[in-house]
Amino acid sequence: MKTLFPKQKDFTKKWYMIDADGKVLGRMASEVAKLLRGKHKPEFTPFLDCGDEVVIINASKVVMTGKKTETKIYRYHSNFPGGLKEIPYTEMMEKKPELVIYDAVRKMLTHNRLQKTLMRHLRVYKGAEHKQTAQKPEVWEF
């Protein structure tokens, strides 16, 4: 008996829209990662891109629980001596709230070549307007 693996062409992609207004960042990011990966489908295959397209609106209205709004710091390094940069969460939400969601979702996906492909299927918008109205995304509630 042979095991049947689906091919990339066997998957159909759907469009989902998530309103981040009042949602907790980590819980929303894990749900988005599940949709991007395709784990909600019965034909899920770990090494293929079988997920769906996700549009997130109202990124500036996402919330965090506890004291994380004061204590969370985003760090990156420029690979030069003394090149460590630190940005507090409150400043990041004022400047680029889309990057907060991108970063949370990216860290919840697999850390391999598939991650870059899956992140291309995520679109995050600061406000309520988005450019994917022609695709007619379904509202995903959790």
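The values are calculated or read from the model by the stated rules, or taken from the named source; none is laboratory data. Owing to the predicted nature of the structure, the values given are computational and were not obtained by experimental measurement. Note that we place each Cβ from the backbone using ideal geometry, even for glycine, and neighbour counts take in every protein chain shown.
For residues that are acidic (Asp, Glu) and under 21 Å from SER30 (Cβ atoms), scanning just region 87-142, find the one that is surrounded by the fewest Cβ atoms within 10 Å (Cβ to Cβ).
In this case the residue turns out to be GLU141.
Within region 90-127, take every residue that is free of Cβ contacts under 8 Å to residues at least 12 places away in the same chain and in a loop (DSSP other than H, G, I, E, B) and give me the one that is nearest to the chain's Cα centre (by Cα).
So the residue we want is ARG120.
How about region 49-67: which of its residues are out of contact with any Pro (no Cβ under 6 Å at 6 or more places or on another chain) and crowded, with 18+ Cβ neighbours inside 10 Å?
CYS50, GLY51, ASP52, GLU53, VAL54, ILE56, ILE57, ASN58, VAL62
From the list LEU99, LEU36, LEU4, pick out the single residue that is hydrophobic (A, V, I, L, M, F, W, C) and farther than 23 Å from LYS131 by Cβ.
After applying the criteria, what remains is LEU4.
Restricting to region 88-135, name every residue that is of a type in the set (Lys, Arg) and within 24 Å of VAL63 (Cβ to Cβ).
LYS95, LYS96, ARG106, LYS107, ARG123, LYS126
ILE87 fails exactly one of the following numbered conditions: (1) in a helix (DSSP H, G or I); (2) over 30 Å from PHE11 (Cβ atoms); (3) among the β-branched types (Val, Ile, Thr). What is the number of that condition?
For ILE87, the failing item is (1).
Residues being in a loop (DSSP other than H, G, I, E, B) and at pLDDT 95 or above: count how many of those fall in region 3-20.
Residues flagged as in a loop (DSSP other than H, G, I, E, B) and at pLDDT 95 or above within region 3-20 amount to 2.
Go through ALA59, ALA134 for me and flag whichever is without any contact (Cβ under 8 Å) to a residue 40 or more places away in the chain and within 30 Å of LYS13 (Cα to Cα).
ALA134
Check ALA33 against each of (1) free of Cβ contacts under 8 Å to residues at least 60 places away in the same chain; (2) outside any strand (DSSP E or B) and name the one condition it does not meet.
(1)
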